[in-house]
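The block underneath contains the structure these notes are about, expressed in structure tokens.
The values are calculated or read from the model by the stated rules, or taken from the named source; none is laboratory data. Everything numeric here is computed off the predicted structure, so don't read it as measured data. A quick note on method: Cβ atoms are made from the backbone with ideal geometry, for glycine too, and the neighbour counts reach across all protein chains shown.
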Amino acid sequence: MTQNADVIAREDLCRFLSACFYEPSAALAEERVFDSMLAAATAIHPDLAGHARKLGEAFAAQDLQALLVDYTRLFLGPIQALALPYESAWREGGEASGADPTAAVLELYEQGGFDIGEDFDDLPDHIAVELEFLYLLLFKQRKALESGNMDEQASARLQLQQFLGEHLGTWIGAFTDAVKEHAETSFYRELAALTERFVRLESDHHRTTAKRNVMA
């Protein structure tokens, strides 16, 4: 696989994972999201392919109403959500900088040129939004590589390292552990496993790249 194709697969998986953290609907099957997700995951890593296959099978085997009930229990409440899907819920106070995690991630969004849609009525540090931002950063990095612009490449690389190292990569484990512990459907357990593995692989990739650049 070419480097370009690998990055496109990673971009695609970000988008598909993000979609799965919104309220479940029949559109996921109608738009063949899980087929596309499996293709992207297979192109990236065998572990991801295994989880993606199980995720699609779990969605197909599960009643949509049961998924909606589990989604509500895990992420909404009604009294206390069992796995709050927000960075600020898992990193209260900002471990790395002492700043409010929500304000810090909003600053990164602005620096990265990421605008949240006006119709989005949830918090900006929601897992689905952070995965969409990761997609944008990967897209920007690929375009910078294609154009040969060294400054844009460096900027995109640094933004990816900062976002994964100080934000998404720091809370994904605790969040997905909570999902796996409390989910009543195999769909959400598999979604948690796939998301964690993907984010860990991305974090390791960009950490290795940073070390390589320092040594060069």
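Listed values, structure above:
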| quantity | calculated |
| --- | --- |
| Any pair with Cβ under 6 angstrom, 6 or more apart, that starts in the stretch 106-133 at a residue that is closer than 18 Å to R91 by Cα and ends at one that is of a type in the set (G, A, S) and part of a helix (DSSP H, G or I) | D125/S88; A128/S18; L131/S18 |
| Unmet criterion (only one of (1) crowded, with 18+ Cβ neighbours inside 10 Å; (2) in contact with a helix residue (DSSP H, G or I) (Cβ under 6 Å, 6 or more places away or on another chain)) for T42 | (1) |
| Residue identified as without any contact (Cβ under 8 Å) to a residue 40 or more places away in the chain, of a type outside the set (D, E, K, R) and closer than 23 Å to L134 by Cα among P46, P101, P78 | P46 |
| Elements of type helices (runs of 4 or more DSSP H) contained in the stretch 81-153, each with 1 or more residues being more than 20 Å from I8 (Cβ to Cβ), at pLDDT 85 or above and β-branched (V, I, T) | 101-111, 127-147 |
| Residue within the stretch 164-175 that is in contact with a Phe, Trp or Tyr (Cβ under 7 Å, 6 or more places away or on another chain), surrounded by fewer than 17 Cβ atoms within 10 Å (Cβ to Cβ), part of a helix (DSSP H, G or I) and at pLDDT 95 or above present | yes |
| Residue that is nearest to T185 (Cα to Cα), among those in the stretch 51-80 that are of a type in the set (D, E, K, R) and assigned to a helix (DSSP H, G or I) | D70 |
| Flag for E190 being outside any helix (DSSP H, G or I), closer than 25 Å to A19 by Cβ and at pLDDT 95 or above | no |
